[in-house]
Amino acid sequence: MVAETRTALAVLREPLEAALKLDNSAPAFVGSLFLIRCARNLAAVLTLCETGWAPEAQTILRAMVEDMVTLAYISTRPDDLSRQWLSFENRLLPDRADVMAAFAGIPPPERTDKPKYERWTKLSFNAMAQRAEQAVPGLGDYLQYVYPVLSDRAHGNTSASGIYVRAHADGSVEPLFGPSGSQVGITLSNAVTASYTTADRALALGVELDLARLGSAERRAFRACGLHYAIEPAG
């Protein structure tokens with residue numbers, strides 16, 4: 001699994017190391033940004049899994065899956081959705097004056113431009129995923145099984161707490177705060193799948209990369225985990 005993930009990471013990095021070739025289009029630029037983010041996140045997931053922190057890596061994997069959905073949705077209408085994404089400014093983020101006031105312990109300045117809700121698209125995550133399925137058949141089924149588990153990890157829900165303790169027959173509870181090899185394979189295989197789909201959509205938006213090698217790494221990663229299901233982009 002580690003070897004296949006390293007192969008996938010190398011493929012993602014190749015166009016970045018060679019300097020990206022853009023045609024000055026908004027879709028290619030957006031695809032490049034998501035490819036860079038994907039390469040960084042995959043490297044972080046690999047580092048954590050190699051050192052025994054796979055459950056923690058799943059929080060980053062959740063972000064990778066969200067990026068995969070976002071880019072797949074953008075690829076359904078590349079020109080207008082890329083420009084919409086690029087022109088978005090999140091007015092909910094604190095500005096410098098807000099941060100300085102918080103550190104100084106004084107009330108923040110009044111802001112008339114701060115909305116109650118701000119997203120680059122009016123669609124929810126699930127609605128984006130539904131639209132994106134035309135570009136990535138099987139995406140909805142994949143998310144149904146994977147995304148709730150990753151969200152459970154990220155939110156620290158009760159149902160995710162089993163990875164942190166082990167109950168023994170004598171009634172004692174052992175805290176599991178050290179690294180382990182648990183869940184490394186499933187985490188890496190899903191990270192490679194998210195990378196493959198993200199790269200495929202970046203390719204569709206105009207970024208040049210070797211998708212065939214990345215697809216081979218994904219298939220080998222799934223076989224190594226005993227899995228037989230992967231989402232397939234259209235066409």
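Each reported figure results from applying straightforward, stated rules to the coordinates on display, with no laboratory input. Worth saying up front: this structure is predicted, and the values here are computed from it rather than measured. So basically every Cβ, Gly included, is an ideal-geometry build from the backbone, and we count neighbours across all protein chains shown.
How big, in percent, is the set of alpha carbon pairs in the range 1-156 lying more than 21 Å apart?
Value for the range 1-156 (Cα pairs over 21 Å): 60 percent.
Taking other Cβ within 10 Å of each residue's Cβ, how do Trp120, Trp53 sort, fewest first?
Trp120, Trp53
What order, most packed first, do the peptides 192-202, 57-67, 74-84 have when packing is the mean number of other Cβ atoms within 10 Å of each residue?
Packing order, densest peptide first, comes out as 192-202, 57-67, 74-84.
Using a 10 Å cut-off around each Cβ, can you sort His168, His155 from fewest to most neighbouring Cβ atoms?
Ranked by crowding around the Cβ, least crowded first: His168, His155.
Of all the C-alpha pairs in the range 1-72, what % are more than 17 Å from each other?
47
Considering only Ala101, Ala43, Ala127, give the residue with the highest GNM mean-square fluctuation for the chain, with springs between Cα atoms whenever their separation is below 10 Å.
In the Gaussian network model the winner is Ala101.
For the range 39-110, place one equal point scatterer on every Cα, skip the solvent, and apply the Debye formula. What is log10 of I(q)/I(0) at q = 0.14, 0.19, 0.24, 0.26 Å⁻¹?
-0.76, -0.85, -0.93, -1.01
Run the numbers for Thr112 and Glu89: contour at 0.36 nm per residue of separation, minus the present Cα-Cα distance, in nm.
Residue separation times 0.36 nm, minus the Cα-Cα distance, leaves 6.8 nm.
Can you sort Val149, Val45 so the residue with the fewest Cβ neighbours within 10 Å comes first?
Val149, Val45
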